[in-house]
Amino acid sequence: MKYALLIYANEKLQAEASEEERRRTYAEHDRFGRMLSDRNAAAGGAELALTTTATTVRKRDGEAVLTDGPFAETTEQLGGFYLVEAADLDEAIEFAKALPATNVEVRPVVAAPEG
């Protein structure tokens with residue numbers, strides 16, 4: 001079954017990180033990605049651009065209304081995700097524990113109906 005590992009962090013703190021801290025973080029994610037590949041569990045993923053680059057599309061009365069930035073103001077923002085193939089939730093949680101991130105939401109991916 002596929003699971004999304006959603007990574008949340010405070011963008012302001014990340015923006016203040018030194019170049020050395022950024023390199024270390026990318027190296028940790030590289031090791032994590034290799035571990036997933038070695039276990040045939042890597043199914044996708046990406047780092048997301050800052051929320052300041054986001055555009056929110058809301059539909060009101062059949063019309064699309066565009067707003068710069070994220071839909072909700074939060075202290076932590078979705079910064080990236082991994083899509084993993086796991087036998088069950090327990091294995092997906094083990095992957096999340098190994099991920100070099102402080103806050104990870106584990107969510108099952110709904111399979112598209114056949115037909």
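Taking a ≥ b ≥ c as the square roots of the eigenvalues of the Cα gyration tensor of segment 1-46, is the shape rounded (a/c under 1.5), prolate (a/b larger than b/c) or oblate? Walk me through the numbers before you get to the answer.
Numbers: a/c = 4.50, a/b = 1.71, b/c = 2.63.
It comes out oblate by the Cα gyration axes.
Based only on the alpha carbon positions, what is the Kirkwood hydrodynamic radius of the chain, in angstrom? Can you show the working numbers first?
Numbers: mean 1/r = 0.0628 Å⁻¹.
Hydrodynamic radius (Kirkwood, Cα pairs) of the chain is 15.9 Å.
Cross-link candidates for Lys12: which lysines have Cα within less than 29 Å, leaving aside residues fewer than 8 places away along the same chain?
Partners within reach: Lys97.
Could you point to the residue in Ala112, Leu13, Val84 farthest towards the positive end of the chain's charge dipole, with +1 and -1 charges on the Cβ of Lys/Arg and Asp/Glu respectively?
Ala112
Loop only by DSSP, 12 or fewer other Cβ within 10 Å of the Cβ. Give me the GluC sites (Glu not before Pro) in segment 12-115 that pass, ordered by residue number. Spell out each step's value before the answer.
Details: sites: Glu16, Glu19, Glu20, Glu21, Glu28, Glu47, Glu63, Glu73, Glu76, Glu85, Glu91, Glu94, Glu105, Glu114; in loops: Glu16, Glu73, Glu76, Glu114.
When the GluC sites (Glu not before Pro) of segment 12-115 are filtered for loop state and at most 12 Cβ neighbours within 10 Å, Glu16, Glu73, Glu114 remain.
FYI, it's all coordinate maths here, none of it is from the lab. Treat the numbers as computed from the prediction; the structure is a model and nothing was measured. Methodologically, a virtual Cβ is constructed for each residue, glycine included, from the backbone with ideal geometry; neighbour enumeration extends over all protein chains shown.
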